[in-house]
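The values are calculated or read from the model by the stated rules, or taken from the named source; none is laboratory data. Just so it is clear, the model here is predicted, and its values are computed rather than measured. Note that we place each Cβ from the backbone using ideal geometry, even for glycine, and neighbour counts take in every protein chain shown. For accessibility, only protein heavy atoms count, side chains too; no ligands or nucleic acids. Shrake-Rupley method; radii C 1.70, N 1.55, O 1.52, S 1.80 Å.
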Amino acid sequence: MAMGMRARESVNMSEDLTQAIAPYATALHDASLQSHCSSCFHRIPAQSPHDMSCTMCGSVRYCCSDCLISDCEVHSSSGECCFFVKHLREASPSTLTEETSDIRAALRLLYSLETRGLVSSDSVSSSNRIGGLSASGIREVLEEGGEIAEGVLEGSLLMLSARKSRMKNYVGLSNGLTIEKVALWAVMTNSVENEGCTSNKPESCVVPVSKGAAPDAVMEFN
Ligand SMILES: [Zn+2]
Ligand SMILES: [Zn+2]
(Lines give C-alpha, C1' and ligand atoms only; values in the text may rest on other atoms or scores of the structure.)
(Ligands and ions follow the chains in the order given, each with its own letter.)
Protein backbone atom coordinates (compact mmCIF):
# COMPACT_ATOMS: atom_id res chain seq x y z
CA MET A 1 0.00 0.00 0.00
CA ALA A 2 1.39 3.41 -0.92
CA MET A 3 1.24 6.23 1.58
CA GLY A 4 1.30 9.91 0.79
CA MET A 5 0.77 13.37 2.24
CA ARG A 6 -0.85 16.40 0.66
CA ALA A 7 -0.07 19.88 1.95
CA ARG A 8 -3.01 22.22 2.62
CA GLU A 9 -0.74 25.22 3.11
CA SER A 10 2.62 26.10 1.70
CA VAL A 11 5.57 24.51 3.42
CA ASN A 12 9.24 25.35 3.16
CA MET A 13 11.68 22.98 1.58
CA SER A 14 12.98 20.38 4.07
CA GLU A 15 10.55 21.50 6.77
CA ASP A 16 9.80 18.68 9.21
CA LEU A 17 6.08 17.95 9.01
CA THR A 18 5.84 14.97 11.33
CA GLN A 19 6.74 15.18 14.97
CA ALA A 20 9.62 13.13 16.28
CA ILE A 21 8.25 9.89 17.69
CA ALA A 22 9.92 8.38 20.73
CA PRO A 23 10.83 4.72 20.18
CA TYR A 24 9.55 1.92 22.44
CA ALA A 25 13.09 0.78 23.01
CA THR A 26 16.64 1.82 22.30
CA ALA A 27 19.96 0.10 22.93
CA LEU A 28 23.46 1.47 22.57
CA HIS A 29 25.60 -0.12 19.87
CA ASP A 30 28.30 -2.47 21.20
CA ALA A 31 31.08 -0.33 19.81
CA SER A 32 29.89 2.61 21.94
CA LEU A 33 29.21 0.79 25.21
CA GLN A 34 32.45 1.88 26.85
CA SER A 35 32.60 5.39 25.39
CA HIS A 36 28.97 6.55 25.58
CA CYS A 37 26.24 6.81 28.20
CA SER A 38 23.71 3.96 27.91
CA SER A 39 20.89 6.27 28.96
CA CYS A 40 21.30 9.57 27.07
CA PHE A 41 23.74 8.19 24.45
CA HIS A 42 26.12 11.13 24.88
CA ARG A 43 29.86 10.57 24.79
CA ILE A 44 31.30 10.33 28.31
CA PRO A 45 34.20 12.76 28.67
CA ALA A 46 37.53 11.23 29.61
CA GLN A 47 38.14 11.37 33.38
CA SER A 48 34.60 12.50 34.03
CA PRO A 49 34.01 12.87 37.79
CA HIS A 50 30.36 11.78 37.44
CA ASP A 51 30.97 8.72 35.29
CA MET A 52 29.48 5.49 36.68
CA SER A 53 28.81 1.97 35.49
CA CYS A 54 26.49 -0.90 36.44
CA THR A 55 28.03 -2.69 39.40
CA MET A 56 26.41 -6.02 38.45
CA CYS A 57 27.63 -6.47 34.89
CA GLY A 58 30.14 -3.64 34.48
CA SER A 59 29.13 -3.52 30.80
CA VAL A 60 27.15 -0.29 30.65
CA ARG A 61 28.34 3.18 31.60
CA TYR A 62 26.44 6.34 32.48
CA CYS A 63 27.49 9.99 32.33
CA CYS A 64 25.82 10.92 35.64
CA SER A 65 23.69 9.54 38.46
CA ASP A 66 20.47 10.84 36.85
CA CYS A 67 21.14 8.74 33.75
CA LEU A 68 21.97 5.69 35.86
CA ILE A 69 18.75 6.08 37.84
CA SER A 70 16.59 6.56 34.75
CA ASP A 71 18.04 3.50 32.97
CA CYS A 72 18.74 1.01 35.78
CA GLU A 73 15.14 -0.27 35.97
CA VAL A 74 14.94 -1.23 32.29
CA HIS A 75 18.60 -2.38 32.20
CA SER A 76 18.03 -4.87 35.00
CA SER A 77 14.33 -5.77 34.59
CA SER A 78 14.56 -6.35 30.84
CA GLY A 79 17.24 -8.99 31.43
CA GLU A 80 19.93 -6.92 29.69
CA CYS A 81 22.16 -6.90 32.80
CA CYS A 82 21.71 -10.65 33.19
CA PHE A 83 22.39 -11.09 29.47
CA PHE A 84 25.76 -9.36 29.86
CA VAL A 85 26.68 -11.41 32.93
CA LYS A 86 25.68 -14.75 31.36
CA HIS A 87 26.87 -13.88 27.88
CA LEU A 88 30.30 -12.80 29.06
CA ARG A 89 30.66 -15.82 31.33
CA GLU A 90 29.31 -18.54 29.06
CA ALA A 91 29.85 -17.37 25.51
CA SER A 92 32.75 -18.65 23.49
CA PRO A 93 35.32 -16.01 22.48
CA SER A 94 33.98 -16.04 18.90
CA THR A 95 30.44 -15.08 19.92
CA LEU A 96 31.78 -12.29 22.10
CA THR A 97 32.84 -10.38 19.02
CA GLU A 98 29.33 -10.61 17.60
CA GLU A 99 26.94 -7.73 17.61
CA THR A 100 24.55 -7.80 20.59
CA SER A 101 22.60 -4.55 20.19
CA ASP A 102 19.69 -6.25 18.34
CA ILE A 103 19.29 -8.74 21.18
CA ARG A 104 19.54 -6.04 23.83
CA ALA A 105 17.11 -3.77 22.00
CA ALA A 106 14.69 -6.72 21.72
CA LEU A 107 14.99 -7.40 25.47
CA ARG A 108 14.28 -3.75 26.18
CA LEU A 109 11.41 -3.78 23.68
CA LEU A 110 9.77 -6.79 25.34
CA TYR A 111 10.11 -5.16 28.75
CA SER A 112 8.63 -1.92 27.44
CA LEU A 113 5.66 -3.78 25.89
CA GLU A 114 5.18 -5.87 29.03
CA THR A 115 5.02 -2.81 31.26
CA ARG A 116 2.33 -1.43 28.92
CA GLY A 117 0.42 -4.73 29.12
CA LEU A 118 0.84 -5.30 25.38
CA VAL A 119 2.33 -8.81 25.41
CA SER A 120 0.10 -11.86 25.57
CA SER A 121 0.04 -15.16 23.70
CA ASP A 122 -2.96 -14.23 21.53
CA SER A 123 -1.55 -10.79 20.82
CA VAL A 124 1.25 -12.51 18.91
CA SER A 125 -0.10 -15.80 17.61
CA SER A 126 -3.23 -14.45 15.91
CA SER A 127 -1.25 -12.09 13.72
CA ASN A 128 2.45 -11.67 13.13
CA ARG A 129 2.56 -8.73 15.46
CA ILE A 130 3.87 -7.92 18.86
CA GLY A 131 2.29 -4.98 20.70
CA GLY A 132 1.06 -3.75 17.32
CA LEU A 133 4.54 -3.92 15.78
CA SER A 134 4.68 -5.83 12.55
CA ALA A 135 6.74 -9.02 12.53
CA SER A 136 5.71 -10.03 9.04
CA GLY A 137 8.16 -12.23 7.23
CA ILE A 138 9.38 -14.05 10.33
CA ARG A 139 7.73 -17.37 9.41
CA GLU A 140 9.17 -17.30 5.91
CA VAL A 141 12.66 -16.48 7.21
CA LEU A 142 12.56 -19.26 9.82
CA GLU A 143 11.20 -21.79 7.32
CA GLU A 144 13.83 -20.89 4.77
CA GLY A 145 16.69 -21.32 7.26
CA GLY A 146 20.12 -19.83 6.66
CA GLU A 147 22.20 -17.23 8.43
CA ILE A 148 19.40 -14.82 9.38
CA ALA A 149 17.18 -17.61 10.72
CA GLU A 150 20.09 -18.94 12.78
CA GLY A 151 20.69 -15.46 14.15
CA VAL A 152 17.03 -15.18 15.20
CA LEU A 153 17.07 -18.63 16.83
CA GLU A 154 20.36 -18.14 18.67
CA GLY A 155 19.47 -14.60 19.69
CA SER A 156 16.04 -15.60 20.98
CA LEU A 157 17.58 -18.40 23.08
CA LEU A 158 20.06 -15.96 24.63
CA MET A 159 17.14 -13.61 25.34
CA LEU A 160 15.11 -16.42 26.89
CA SER A 161 17.95 -17.42 29.18
CA ALA A 162 18.49 -13.81 30.25
CA ARG A 163 14.75 -13.30 30.84
CA LYS A 164 14.15 -16.61 32.68
CA SER A 165 15.67 -15.30 35.88
CA ARG A 166 13.11 -12.53 36.04
CA MET A 167 10.03 -13.99 34.33
CA LYS A 168 6.91 -14.48 36.40
CA ASN A 169 4.92 -16.40 33.86
CA TYR A 170 6.22 -17.47 30.51
CA VAL A 171 4.18 -16.52 27.45
CA GLY A 172 4.34 -19.47 25.07
CA LEU A 173 2.89 -19.37 21.60
CA SER A 174 0.98 -22.22 20.01
CA ASN A 175 2.52 -21.73 16.57
CA GLY A 176 6.10 -22.47 17.58
CA LEU A 177 7.13 -18.84 17.67
CA THR A 178 8.25 -17.32 20.92
CA ILE A 179 7.79 -13.72 21.93
CA GLU A 180 11.60 -13.49 22.00
CA LYS A 181 11.83 -14.49 18.32
CA VAL A 182 9.06 -12.10 17.32
CA ALA A 183 10.51 -9.19 19.33
CA LEU A 184 13.99 -9.80 17.91
CA TRP A 185 12.56 -9.90 14.41
CA ALA A 186 10.69 -6.64 15.03
CA VAL A 187 13.99 -5.03 16.06
CA MET A 188 15.93 -6.50 13.13
CA THR A 189 13.37 -5.11 10.68
CA ASN A 190 13.03 -1.77 12.51
CA SER A 191 9.36 -2.50 12.84
CA VAL A 192 6.85 0.29 13.12
CA GLU A 193 3.41 0.02 14.67
CA ASN A 194 1.31 0.21 11.57
CA GLU A 195 -2.21 -0.92 12.18
CA GLY A 196 -4.73 0.06 14.79
CA CYS A 197 -3.71 1.41 18.12
CA THR A 198 -3.31 -0.97 21.02
CA SER A 199 -2.49 1.71 23.55
CA ASN A 200 -4.86 4.04 25.36
CA LYS A 201 -2.58 6.97 24.81
CA PRO A 202 -2.98 8.34 21.29
CA GLU A 203 0.47 9.90 21.30
CA SER A 204 2.10 6.51 21.70
CA CYS A 205 0.68 5.12 18.45
CA VAL A 206 3.15 4.40 15.67
CA VAL A 207 6.23 3.90 17.75
CA PRO A 208 9.33 2.74 15.94
CA VAL A 209 11.86 0.41 17.47
CA SER A 210 15.35 1.78 17.28
CA LYS A 211 18.79 0.67 18.18
CA GLY A 212 22.30 2.04 18.09
CA ALA A 213 23.63 5.50 18.83
CA ALA A 214 22.04 7.02 15.75
CA PRO A 215 18.74 5.25 15.21
CA ASP A 216 17.29 5.56 11.74
CA ALA A 217 13.98 3.80 11.65
CA VAL A 218 12.81 2.50 8.33
CA MET A 219 9.07 2.80 7.89
CA GLU A 220 7.43 -0.35 6.66
CA PHE A 221 3.89 -0.64 5.42
CA ASN A 222 2.09 -3.76 4.34
ZN1 LIG B 1 23.81 10.19 30.22
ZN1 LIG C 1 24.29 -4.39 34.50
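Only one of S59, S10 is under 24 Å from M159 (Cβ atoms) and of a type in the set (S, T, N, Q). Can you tell me which? Walk me through how you get there before you give the answer.
Working: S10 fails: under 24 Å from M159 (Cβ atoms).
The match here is S59.
Would it be correct to say that Y24 is open to solvent by less than 80 Å² (accessible area, probe 1.4 Å) and within 16 Å of ligand 2 (Cβ to nearest atom)?
Considered against the rule, which asks whether it is open to solvent by less than 80 Å² (accessible area, probe 1.4 Å) and within 16 Å of ligand 2 (Cβ to nearest atom), Y24 comes out as no.
Give just the number: which of (1) open to solvent by less than 50 Å² (accessible area, probe 1.4 Å); (2) within 12 Å of ligand 1 (Cβ to nearest atom) does H42 not satisfy?
Against the list (1) open to solvent by less than 50 Å² (accessible area, probe 1.4 Å); (2) within 12 Å of ligand 1 (Cβ to nearest atom), H42 comes up short only on (1).
Since G145 meets every condition but one in (1) open to solvent by less than 40 Å² (accessible area, probe 1.4 Å); (2) at pLDDT 80 or above; (3) closer than 26 Å to S76 by Cβ, which condition does it not meet?
Only one criterion in (1) open to solvent by less than 40 Å² (accessible area, probe 1.4 Å); (2) at pLDDT 80 or above; (3) closer than 26 Å to S76 by Cβ is unmet by G145, namely (3).
Being touching a helix residue (DSSP H, G or I) at 6+ places or on another chain (Cβ under 7 Å) and surrounded by fewer than 17 Cβ atoms within 10 Å (Cβ to Cβ): is that true of C54 here?
no
Here are some conditions: (1) closer than 22 Å to L158 by Cβ; (2) within 16 Å of ligand 2 (Cβ to nearest atom); (3) modelled with pLDDT under 90. S94 meets all but one. Which one does it not meet?
Result: S94 fails condition (2) only.
Quick one: in segment 57-81, which of the residues that are open to solvent by 40 Å² or more (accessible area, probe 1.4 Å), over 18 Å from R104 (Cβ atoms) and not β-branched (V, I, T) is farthest from ligand 1 (Cβ to nearest atom)?
Top of the filtered list is S65.
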